[in-house]
1. For the range 46-60, how many residues are near the ligand (Cβ under 9 Å from one of its atoms) and open to solvent by 30 Å² or more (accessible area, probe 1.4 Å)?
2. Can you tell me which residue among V20, V48, V55 is modelled with pLDDT of 95 or more and within 17 Å of V101 (Cβ to Cβ)?
3. Check off (1) of a type outside the set (A, V, I, L, M, F, W, C); (2) more than 17 Å from D23 (Cα to Cα); (3) at pLDDT 95 or above for G78 and give me the number that stays unchecked.
4. Would you check if V101 is under 17 Å from V4 (Cα atoms), in contact with a Leu (Cβ under 7 Å, 6 or more places away or on another chain) and assigned to a loop (DSSP other than H, G, I, E, B)?
5. I want to confirm something. Restricting to the range 61-105 and keeping residues that are within 11 Å of the ligand (Cβ to nearest atom) and under 17 Å from V36 (Cβ atoms), which single residue is surrounded by the most Cβ atoms within 10 Å (Cβ to Cβ)?
6. Would you please list the contacts, defined by Cβ atoms under 9 Å and residues six or more apart or on different chains, that run from a residue in the range 52-78 that is part of a helix (DSSP H, G or I) to a residue that is of a type in the set (K, R)?
7. Considering each residue of the range 3-45, count those that are within 16 Å of the ligand (Cβ to nearest atom) and surrounded by fewer than 20 Cβ atoms within 10 Å (Cβ to Cβ), and give that number.
8. Within the bounds of the range 8-15, is there any residue that is under 12 Å from the mean Cα position of the chain (by Cα) and closer than 24 Å to G78 by Cβ?
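The values are calculated or read from the model by the stated rules, or taken from the named source; none is laboratory data. The shown structure was predicted, so the numbers you read here are calculated from the model rather than taken from an experiment. Cβ placement follows ideal geometry from the backbone for every residue including glycine, while neighbour counts extend to all protein chains displayed. For accessibility, only protein heavy atoms count, side chains too; no ligands or nucleic acids. Shrake-Rupley method; radii C 1.70, N 1.55, O 1.52, S 1.80 Å.
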Amino acid sequence: MTFVRACGLSELEEDTPKRVELDGTPVSVVRTEGEVFAINDICSHANVSLSEGEVEDCMIECWLHGSSFDLRTGKPSGLPATRPVPVYPVKIQGDDVLVSVTQES
Ligand code: FES
């Protein structure tokens with residue numbers, strides 16, 4: 001599993017997703033509830049950036065049709081999305097947020 005630096009921990013504001021591109025994969029990095037999560041930035045329903053949505057209760061909401069995805073598992077909470085979005089392992093090293101996009105967790 002290869003981890004690459006996504007951003008600095010201090011760059012992340014609570015509940016404000018940050019979009020990064022890692023090895024060509026768009027990833028939304030989210031700091032919430034004392035943890036950092038990495039989820040694929042593209043909604044599984046249509047080609048919409050999840051990092052433009054709101055974060056609440058460890059879920060990120062797609063702004064277009066309102067499906068929310070669990071940041072821990074990528075599973076949608078309800079329609080219209082039916083398929084999960086990939087989530088990725090995160091490691092914190094000092095101020096570096098490292099994400100592995102080579103293996104989905
Ligand atoms: S594009 Fe995300 S729920 Fe429709």
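1. 2
2. V20
3. For G78, the exception is condition (3).
4. Criteria met by V101.
5. Once the filter is applied, the top-ranked residue is F69.
6. If the second residue must be of a type in the set (K, R), the pairs left are E52/R19.
7. Count: 4.
8. yes
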